[in-house]
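The values are calculated or read from the model by the stated rules, or taken from the named source; none is laboratory data. In this text the structure is predicted, and so the values were computed from the model without any measurement. A quick note on method: Cβ atoms are made from the backbone with ideal geometry, for glycine too, and the neighbour counts reach across all protein chains shown. The protein model used for the area step is the full one, side chains on, heavy atoms only, and it has no ligands, DNA or RNA in it. Shrake-Rupley method; radii C 1.70, N 1.55, O 1.52, S 1.80 Å.
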Amino acid sequence: MAGQRRYWLFKTEPAEYSIADLAAQPGGTGRWDGIRNYQARNNLRDLATPGDGVLIYHSSCREPGIAGIAEVCSAPYPDPAQFDPDSPYFDPKSRPDEPRWFSVDIRHRRTLPGIISPTLLKSIPDLADMVLFRQGRLSIQPVSKAQWGIITALDC
């Protein structure tokens with residue numbers, strides 16, 4: 001599967017970091033950090049590569065859903081927050097020679113004119129088997145190429 005573009009849905013709480021926050025970063029590029037779930041970490045660390053497409057999903061908010069599109073623009077690297085005792089993402093069990101948690105940099109590609117709601121996504125039969133509806137709490141989750149095509153073609 002080397003060299004094949006993958007697609008992802010990255011969940012974020014917009015009060016913490018939104019698609020607008022990403023767009024406002026220099027060059028529209030920011031570090032995706034603070035992942036503290038092993039399955040999400042494994043997806044990020046082992047499978048995410050530069051050029052992969054990312055759907056930015058706002059969660060735990062008044063209007064949850066897909067808010068924008070980004071692209072992975074770095075290889076995975078140790079999340080520096082795990083070593084910072086002042087960070088809410090500090091992990092005292094993680095060591096620089098054996099990091100537990102990883103980050104990637106992502107680049108803003110497009111802010112959608114409106115949120116693509118989970119209700120709309122669920123109403124599309126070809127999206128019924130999305131990981132979002134089976135493992136809703138997973139913050140870094142794969143999206144199939146077909147699902148990516150359907151979602152990015154929506155005019156919301």
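With all protein chains kept in place, the per residue accessible area of the chain amounts to 52 square angstrom at a probe of 1.4 angstrom. The chymotrypsin sites (Phe, Trp or Tyr not before Pro) found in region 61-136 that occupy coil by DSSP, while having at most 14 further C-beta atoms within 10 Å, are F90.
Could you work out how far the C-alpha centroid of region 99-156 sits from that of region 1-47, in angstrom? Centre-to-centre (Cα) distance: 12 Å. What a 1.4 Å probe finds exposed on the chain is 50% carbon and sulfur by accessible area, rounded to a whole percent.
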